[in-house]
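Remarks on the structure that follows.
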Amino acid sequence: MNNKIKCFFLIFTVFIFSCKNQNKENDFPNSDENEITEEQKKTKEEVPKLSKAEIIEQLQGKWKENEYPYRTAEFVNSTVKFIEEGALVEPKFEKFEFSKNCQFHNSNIRDLESNDIILTLPEKKRCEKLTISKDTLILYGYSTNTNKNYEILYLKIKK
């Protein structure tokens, strides 16, 4: 009987110590995960923050989608016109704005971060996450039809 009690306490002690760190995150100083996180932080810090005026200036002109050349976007001042082949309604210029979140009941944006730029189209009550560099414009979102994130890459064709 004495051996059974000792065995029980030994198993119980091992069980307690093995469960002790269950809710803590692993903290390995040289793990690949931490290295990736540090790389991502450096990359995010290196991206210069542009003012709204600078973003609007970079957007000016005509952009063509890289994978589907019959889809274009044209920016003039604070308006944009998206042209797509086969559209029933003739596209027109509409006002756009920037924000840090989508003010509409919109389920096409996921995983927003504090430095993300949201292109808001008030007339259509639509939002897209936007990144821009010199000759590249990318609109991001989430498709409720496919349940996947999408990315539309546009290349500048003229200013």
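Structure above, values below:
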{"quantity": "Calculated FRET efficiency for the pair E67/K125, C-beta based, R₀ 30 Å, to 0.05", "calculated": "0.70"}
{"quantity": "Greater than 18 Å apart at Cα, pairs in K52/K95; K95/K129; K81/K158; K95/K134; K95/K124", "calculated": "K95/K134"}
{"quantity": "Segment 52-158 - percent relative contact order, Cα under 8 Å, separation 6 or more", "calculated": "25"}
{"quantity": "I157 versus S133: modelled label distance in nm, points set 7 Å from Cα along the beta carbon direction", "calculated": "2.2"}
{"quantity": "Rg/Rh ratio calculated on Cα atoms of segment 50-107 (Kirkwood radius)", "calculated": "1.00"}
{"quantity": "Amide proton proximity set for I109, modelled H, under 5 Å, gap of 5+", "calculated": "Y142"}
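Only the coordinates and a few stated rules stand behind these numbers; no lab work does. No experiment lies behind these values; they were computed from the predicted model shown. So basically every Cβ, Gly included, is an ideal-geometry build from the backbone, and we count neighbours across all protein chains shown.
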